[in-house]
Amino acid sequence: MKLLLLCALCLVLGCCQQGGALDGGMLYPRESPSRELKELGGLWSFRADWSERRDAGFVEGWYKKPLSQSGPVIDMPVPASFNEITQDPKLRQYIGWVWYEKEVFPPARWLLRDPGTRVVLRVGSANYYSIVWVNGVQVTEHEGGHLPFEAEINHLLRDAPGEPCRITIAVNNTLTPHTLPPGTIHYMENESMYPKGYFVQDTSFDFFNYAGIHRPVLLYTTPLAYIDDITVTTDVMGNVGLVQYLVSVRGSPRYSLTLTLRDQDGVTVATGNGSAGEMKVVNPLLWWPYLMDEHPGYLYYLKITLSAEVDGTVSEDTYTQPVGIRTVQVTRNKFLINEKPFYFHGVNKHEDSDIRGKGLDWPLIMKDFNLLRWLGANSFRTSHYPYAEEIMELCDAYGIVVIDESPAVGMKYSINFGNKSLQHHLIVMEELIRRDKNRPSVVMWSVANEPASSLAPAGSYFKEVITHTKATDPTRPVTFITNANYALDLGAPYVDVICVNSYFSWYHDSGHLEVIRLQLNSQFENWYQAHQKPIIQSEYGADVIAGLHMDPPLMFSEEYQTAVLKEYHAVLDQKRKDYVIGELIWNFADFMTDQGTTRVLGNKKGIFTRQRQPKSAAFVLRERYWKLAEECRPFARPNYHNIGFPQTQASNCT
């Protein structure tokens, strides 16, 4: 039984490993005169495979015909996690293959153009393994959640002009010791206690394992010869901004490229041509983080025009890439953006909300960004996986600095550091960098969160992952987030910035606020003496039940959470004068976790509730963050949408 189930679950997971460098670009879909988009969100037909081995969909060929002909289906919104949409508790905890289907009509003009149009099906993300069919023909498969994948499908559409296009996507949320994040299937074989064939998925991360199609699915078009990828890097020399570009083209060897860089008023500031080169912008407006400049997040727009010959006909493709001119540098005790010291005062977050789980939700996204700006936060970490491209777009535009993290969370055992895991990890980092390499908001890559970095294989593992990440993108520093002992962490020698998580007076010495300052001071001193690298307090905090008040402060009360924050802040204020370069609260908002005796409907360490209402700690943090911003903001306070700034004293910057 166990072997058969494993074979079914590993039909793809274990037998179709990707390998080698990535093929092609992954430009964010944007409309242009040569490109159209058709969003496929809404209700899809949905069916979970409840067969004993979770393989009925493949054995019976559910993709070969309309899904409803294979058995009962229900409506399922996309994008959304499927777990909490129905009233079925078994679906909430479901592990295995689920099937989605939607019939769409591509515009006829897409199929009739001469010399032709390239039609691409793109999935923003699906957790965790996906196989995609169009009209019963497999077009792609993808391992891993949180990152986009796509396939060219125009050849299938032209085979049936005027007919609906049936898109079928099978998604498997099974985690193995070699996936990111890792997990294991645990079989309960005592039939006096569990039903026959009963199994659960065990993980070592502290958030709910939402699954489904989490981000937009869409069709987009390009000409047959098209701009496939763009790489932009920037530098500043005196009063000149340097914009280096590299453009790849597919579909024709006979082409020319022209490039125009415009400012936000539409004024051309530089031009270029060819697939590689450098533009110079005199007296550029730099991309600055929120609250470091009167115009944070300033973006230029690089319009690239391709003229290519295909089958004797000349066609044109255009794509516009936002560009932020900025530099990033790490010294032994500072993090510099545009050669100015930058102090991370921000949050950790989750893509998590009621009902929709990890599904993309625009109202929630905008609420979160308004809360970030109200809070005075200038940064966040994408804990513990890459966030939606739509979120990253806003970070670029608003000047919110991002530590961009891979989904390598829960790596607690030696088996998680084997070669199979390593090869997948390298590909994930390539995919992440390919997607986010041009984003000025992304200033550092994080390759993992709280791995068992003291285990023997961890040293060589992280050396290779970090070396590969730096080779793929030499322009940004690299880190991972540790909670290991400073003397035992085998991966720390390879990072550029030490990111440390600690929960003094919470997970140990519980309730003893008086130990925080001593223990935190020792933590910082030990790490800095060992590695001589700048340090970020990447997590700290305490659970609190909103509305629970106790004086003197007791655990889980709002007063206790604020007391923990203030004790941490007292030490941070001393160490940020030396080598501490940031503090990220855990967490921005409460979020769902697996059920357990230590969690009451999720993790309650948020300074906001899951419904985005403030706890007392939100006001403590707001006062602190605006004070930190004021200390190094040598200009008059701007009016950012009348947020209602707290009163702070004049700047101490010199």
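The values are calculated or read from the model by the stated rules, or taken from the named source; none is laboratory data. Just so it is clear, the model here is predicted, and its values are computed rather than measured. For neighbour counting, all protein chains shown are included, and Cβ atoms are generated from backbone atoms with ideal geometry for every residue, glycine included. When the accessible area is computed, the model is the full protein with side chains, heavy atoms only, and any ligands, DNA or RNA have been set aside. Shrake-Rupley method; radii C 1.70, N 1.55, O 1.52, S 1.80 Å.
Tabulated data for the structure shown
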quantity	calculated
Selection count where residues are of a type in the set (Gly, Ala, Ser), open to solvent by 10 Å² or more (accessible area, probe 1.4 Å) and in contact with a Leu (Cβ under 9 Å, 6 or more places away or on another chain), scope region 196-233	1
Test: Ile466 is touching a Ser or Thr at 6+ places or on another chain (Cβ under 6 Å) and either at pLDDT 95 or above or over 30 Å from Leu565 (Cβ atoms) (or both)	no
All helices (runs of 4 or more DSSP H) inside region 1-103 with 2 or more residues being at pLDDT 95 or above and surrounded by 13 or more Cβ atoms within 10 Å (Cβ to Cβ)	56-59, 89-92
Among (1) of a type outside the set (A, V, I, L, M); (2) within 18 Å of Ala570 (Cβ to Cβ); (3) out of contact with any helix residue (DSSP H, G or I) (no Cβ under 8 Å at 6 or more places or on another chain), the one test that Ser446 misses	(2)
Considering residues of region 399-421 that are out of contact with any Phe, Trp or Tyr (no Cβ under 6 Å at 6 or more places or on another chain) and part of a helix (DSSP H, G or I) only, the residue most open to solvent (accessible area, probe 1.4 Å)	Asn419
In region 532-572, the residues that are closer than 20 Å to Asn348 by Cα and of a type in the set (Asp, Glu)	Glu539, Asp543, Glu558, Glu567
Region 336-384, residues that are part of a loop (DSSP other than H, G, I, E, B) and at positive phi	Asn338, Glu339, Ile355, Gly376
Every residue from region 263-293 that is open to solvent by 70 Å² or more (accessible area, probe 1.4 Å) and part of a loop (DSSP other than H, G, I, E, B)	Gln264, Asp265, Val267, Asn283, Leu285
Some residue of region 435-456 being open to solvent by less than 10 Å² (accessible area, probe 1.4 Å) and in a helix (DSSP H, G or I)	yes
Residue tally, condition crowded, with 17+ Cβ neighbours inside 10 Å and among the hydroxyl-bearing types (Ser, Thr, Tyr), over region 234-249	2
Options Lys470, Lys463: the member that is without any contact (Cβ under 8 Å) to a residue 12 or more places away in the chain, out of contact with any Gly (no Cβ under 7 Å at 6 or more places or on another chain), among the basic types (Lys, Arg) and not in a loop (DSSP other than H, G, I, E, B)	Lys470
In region 250-259, residue farthest from Pro440 (Cα to Cα) [restricted to those that are open to solvent by 30 Å² or more (accessible area, probe 1.4 Å) and in contact with a strand residue (DSSP E or B) (Cβ under 6 Å, 6 or more places away or on another chain)]	Arg254
Total residues in region 147-187, condition touching a helix residue (DSSP H, G or I) at 6+ places or on another chain (Cβ under 9 Å) and of a type in the set (Gly, Ala, Ser)	2
Single match in Pro181, Pro177 (criterion: more than 23 Å from Glu60 (Cβ to Cβ) and surrounded by 22 or more Cβ atoms within 10 Å (Cβ to Cβ))	Pro181
Top-ranked residue in region 532-560 [being closer than 21 Å to Ser379 by Cβ and of a type in the set (S, T, N, Q); ranked as surrounded by the most Cβ atoms within 10 Å (Cβ to Cβ)]	Ser538
Residues that are hydrophobic (A, V, I, L, M, F, W, C), outside any helix (DSSP H, G or I) and modelled with pLDDT of 95 or more, drawn from region 607-651	Ile607, Phe608
Enumeration of residues in region 555-606 that are more than 26 Å from Lys533 (Cα to Cα), of a type in the set (Ser, Thr, Tyr) and not in a helix (DSSP H, G or I)	Ser557, Thr593, Thr597, Thr598
Meets criteria (out of contact with any Ser or Thr (no Cβ under 8 Å at 6 or more places or on another chain) and surrounded by 20 or more Cβ atoms within 10 Å (Cβ to Cβ)) for Tyr300	yes
Filter pass, Val200 being within 15 Å of Leu40 (Cβ to Cβ) and either at pLDDT 95 or above or not in a loop (DSSP other than H, G, I, E, B) (or both)	no
Hits in region 572-611 - residues which are over 17 Å from Tyr507 (Cβ atoms), aliphatic (A, V, I, L, M) and open to solvent by 10 Å² or more (accessible area, probe 1.4 Å)	Met592, Leu601
Qualifying residue in region 305-318 (condition: at pLDDT 95 or above and either within 19 Å of Val443 (Cα to Cα) or not in a strand (DSSP E or B) (or both))	no
Residue, nearest to Leu91 (Cα to Cα), within region 160-190, restricted to residues that are part of a strand (DSSP E or B) and not aliphatic (A, V, I, L, M)	Asn172
Considering residues of region 497-531 that are touching a helix residue (DSSP H, G or I) at 6+ places or on another chain (Cβ under 6 Å), part of a helix (DSSP H, G or I) and open to solvent by 50 Å² or more (accessible area, probe 1.4 Å) only, the residue nearest to Ile403 (Cα to Cα)	Asn521
